[in-house]
Every structure is written in structure tokens, then in C-alpha cells.
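Before any comments, here is the structure.
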């Protein structure tokens, strides 16, 4: 997957409450492969092992324990949801939706020249404030 896909961050009303954002199959990469190991001929001929990747968070869930691909897919997805990277990503997206501002916008706002304090040392070795003027305005 060379093209990075965006997760749809929309607020939707549901019967039980408010759905903050949703993930679809397009947000994940599902790979199947041969599990290897014990199991003999059956395991060597079927692609029953599953690896699910979430590119935005970098989290990976993998399962090869079961003989059935659907069972392994379910286990791999549950492992991906429990992955620390996915949990951090999910919390960050949750905050973005609630605040209505992305992390990039938040950093841009914090880096405004009115919020910056620049200092340098003078000839005597004392720290002196430098006035920062915006060149963009």
C-alpha cells in the first residue's frame, strides 16, 4: 500500500449515543500466509495464518494458532486492538475529534510567534530576550 489512506473522522448519531469516528477495512492491511510448524500436510498447503496491519498507528496483530483462517483473522484483529501503538493512536484520534483540532493544527498554533520566547547570551554571558517578529503577516 503505497498511497496513505485517511481515516474518516466524522461525528455520527447512533441510537445508543454518538459515534465519534469509524474505521473500515480500507484502514487495515490483511495478509494471509502459511502458518508452518506442526500440522503436517494440511498446514503446509493452506494459508490459514493471518497478519493484520494498521499503517496509521504501526500496530500489527498476528495469529497462526487455529486451523481456520476466519478464526485466526478474528484473533489477529483482537490482538491488533490490544496493541499499545493502536491504543495510543486511538486515544489521539479520539481527542482530535472531541477538540475539533488535529495534532498538526495544535502544534502550528503553539508555534505562533506570540507564543515563542527566544533568548541569546550577550557579551557578559547573561541571557537576553530577543523580539521575534512574524514575517508571514
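The values are calculated or read from the model by the stated rules, or taken from the named source; none is laboratory data. Values in this document were obtained by computation on a predicted structure and should not be read as measured data. Counting neighbours? That spans all protein chains shown, and the Cβs are built from the backbone with ideal geometry, glycine included.
Table for the structure above
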quantity: Residue match in the stretch 114-136 (condition: farther than 30 Å from residue 51 by Cα, surrounded by 13 or more Cβ atoms within 10 Å (Cβ to Cβ), out of contact with any helix residue (DSSP H, G or I) (no Cβ under 7 Å at 6 or more places or on another chain) and modelled with pLDDT under 85); calculated: no
quantity: Filter result for residue 104 (within 27 Å of the chain's Cα centre (by Cα) and modelled with pLDDT of 90 or more); calculated: no
quantity: Selection count where residues are touching a helix residue (DSSP H, G or I) at 6+ places or on another chain (Cβ under 9 Å) and at pLDDT 85 or above, scope the stretch 24-40; calculated: 4
quantity: Hits in the stretch 51-64 - residues which are without any contact (Cβ under 8 Å) to a residue 40 or more places away in the chain and surrounded by 13 or more Cβ atoms within 10 Å (Cβ to Cβ); calculated: 51, 52, 53, 54, 57, 59, 60, 61, 62, 63, 64
